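These notes are about the structure you will find just below.
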Amino acid sequence: MSLQMVSTVSNSSLLQPGFSLLNFDGHDFFFGQKGWPKRSCPTGVFLLDIKQNELKMKPATFSKDSCYLPPLRYPALCTLRSDARADEYQYIIHGGKTPNNELSDKIYFMSLVSKTSKKITFQCIEKDLGGDVPEARYGHTINVVHSRGKSMSVLFGGRTYTPLAQRTTEKWNSVVDCLPSVFLIDFEFGCCTSYILPELQDGLSFHVSIARDDTIYILGGHSLQNNTRSPNLYKLKIDLPLGSPAVSCTILPGGISVSSAIVTQISDTEFVLVGGYHSDNQKRLACNTIVLEDSKIEIAESVSPEWTPDIKHCRMWFGCDMGKGSVLLGIPGANKQITPDANYFYILRCKGAEEDKEEELITQICSQTSSEDPGDSAPFEDSEEFCFSAEANSFDADDADTYNEDDEEDESETGYWITCCASCNIDINTWVPFYSTELNKPAMILCSSGAGHWVHAQCMDLSETILLRLSEANVKYFCNKHVDLNKGLQTPQKVVRLKKPPMKPLRKKKTMKLSTPTKKSFLRRLFE
């Protein structure tokens, strides 16, 4: 094993706890950034490229028929192939945390559509499930098993928020272990079935799962209920006959009490287990070799690399599998670096130098047709503070397309992330789509008052129906602040007066005049 330090990069603040690594065509892609994506990379997916020990990030795009994929931290992901030996594959992404710390229960399929020297395009599709749908969670695993010519996905473990009925003000956002149920997911028919096995008594999260054919091995993991790291090694066997599936579990000896360990595949049957924690404040510096052959698993301790003093004395570390027997490790920079979120990065190569050269040669010869999968393993972090992944292979692209966070435009004052009014609550770090037409930026509408200015449709309390009508109709719109002013400045419409015929003058009634003697006689008769 060899350990090599990677120089710190300016945009490392995006590499925060819980992001994931997707491997396509021999290259790693970063997913699950801190905060909501910005305009320079609205997908939140980047190619990670290391050249001369310098990490660069290059934005990727989504196809037009893709659904919205939020940046998810601590999701469960694995590769899905049409059969066990197929070259083409796509990634399954389930669960995880959004930048608002909300948990997702959705399942996405992500595949590579096209890749050129200057543009990488992915397709993302959301899948609907029926039956025993898994609840929203994070820190769990998902694997694909193959049996009798069929394939199914197996989901297990994780954490979720305390049910609403059990929450208190002091512990409103507290998390609990998910029930130790095993979920079988058939994506062909869109159905899901849960199984309760007597061997699985406690919920686990941030464990390691390795799948081979019809068997899944679950190693380590942390239980919140007991605050322990399981020393058990579980063997899940899934049989897929013509009828109902059969799921069985066996507890094997030789497990390791560890959480947040990282697994990298160095051959068809051999894996290396690196890192993790014995306890909340004790790192695990030992390494192990895992060999899977003939439905058997063998775990043996291997020679550990010469850890640097910084790694030995730091309280925590983090990392992720890069594929091809390499692991990228990181330790927090603390106060040693100017950037508050900066970290120190190391590449741990678990293969020998001769094997690396041979693999590089093979990769160069078969680069047009070969693609290597890092193995159907799913490492996770149980520490809520750090998680990391990166790519050690070069990608021949123009350096002008490299993402640099320092070049990011200040979107708090310009573009879509302005403060459009006094009651505006649109924030780039907390915004989520409100209208069905929104993808990665809020809908805006032009106010025609004066020289004109843009306002957020959501801040103006516009319904989606009215917003669509305004976008289709050629009419002027005035925001809530200027709508009354606009009414006052409008010239009143000229009122057309109706012509009325002149009224005829009233005739005076003739009155009978009485002389004074006549009046007296009349009054005398009246009172007699």
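The values are calculated or read from the model by the stated rules, or taken from the named source; none is laboratory data. Small disclaimer: the values here were computed from a predicted structure and weren't measured. Every residue, glycine as well, gets a Cβ built from its backbone with ideal geometry; the counts of neighbours run over all protein chains shown. Calculation scope for accessible area: heavy atoms of the full protein, side chains included, ligands and nucleic acids excluded. Shrake-Rupley method; radii C 1.70, N 1.55, O 1.52, S 1.80 Å.
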- Can you give the accessible area of Met444 in Å² (nearest 10), computed on protein heavy atoms with a 1.4 Å probe? 40 Å²
- Provide the net charge surrounding Phe187, with neighbours chosen by a C-beta distance below 13 Å and charges set as Lys +1, Arg +1, Asp -1, Glu -1. -1
- Message: Under the rule a/c < 1.5 gives rounded, and otherwise a/b versus b/c splits prolate from oblate, where does region 2-353 land using the Cα gyration tensor?
- Response: rounded
- Task: State which entries of Lys119/Lys441; Lys58/Lys441; Lys127/Lys312; Lys237/Lys324 exceed 32 angstrom in Cα-Cα distance in the structure shown.
- Result: Lys127/Lys312
- Taking every other residue with Cβ under 13 Å from the Cβ of Thr160 and scoring Lys and Arg +1, Asp and Glu -1, one gets 0
- Message: I'd like the accessible area for Trp307: 1.4 Å probe, protein heavy atoms, all chains in place, Å² to the nearest 10.
- Response: 20 Å²
- Query: Can you work out the base-10 log of I(q)/I(0) for region 195-239 at q = 0.16, 0.31, 0.33 1/Å, using the Debye formula on its C-alpha atoms alone?
  - Reply: -0.43, -1.21, -1.26
- Message: Just to verify a number: what accessible area does Glu188 come out at with the full protein assembly present, 1.4 Å probe, Å² rounded to tens?
- Response: 150 Å²
- Task: Count charges around Ile107 for me, please; just the other residues with Cβ under 10 Å from its Cβ, Lys/Arg as +1, Asp/Glu as -1.
- Result: -1
- Can you tell me the Rg and the Dmax, both Å, for the Cα atoms in region 150-235? 14.8, 48
- Message: Counting other C-beta atoms within 10 Å, and keeping those with at most 16, which DSSP coil GluC sites (Glu not before Pro) do you find in region 32-120?
- Response: Glu88, Glu102
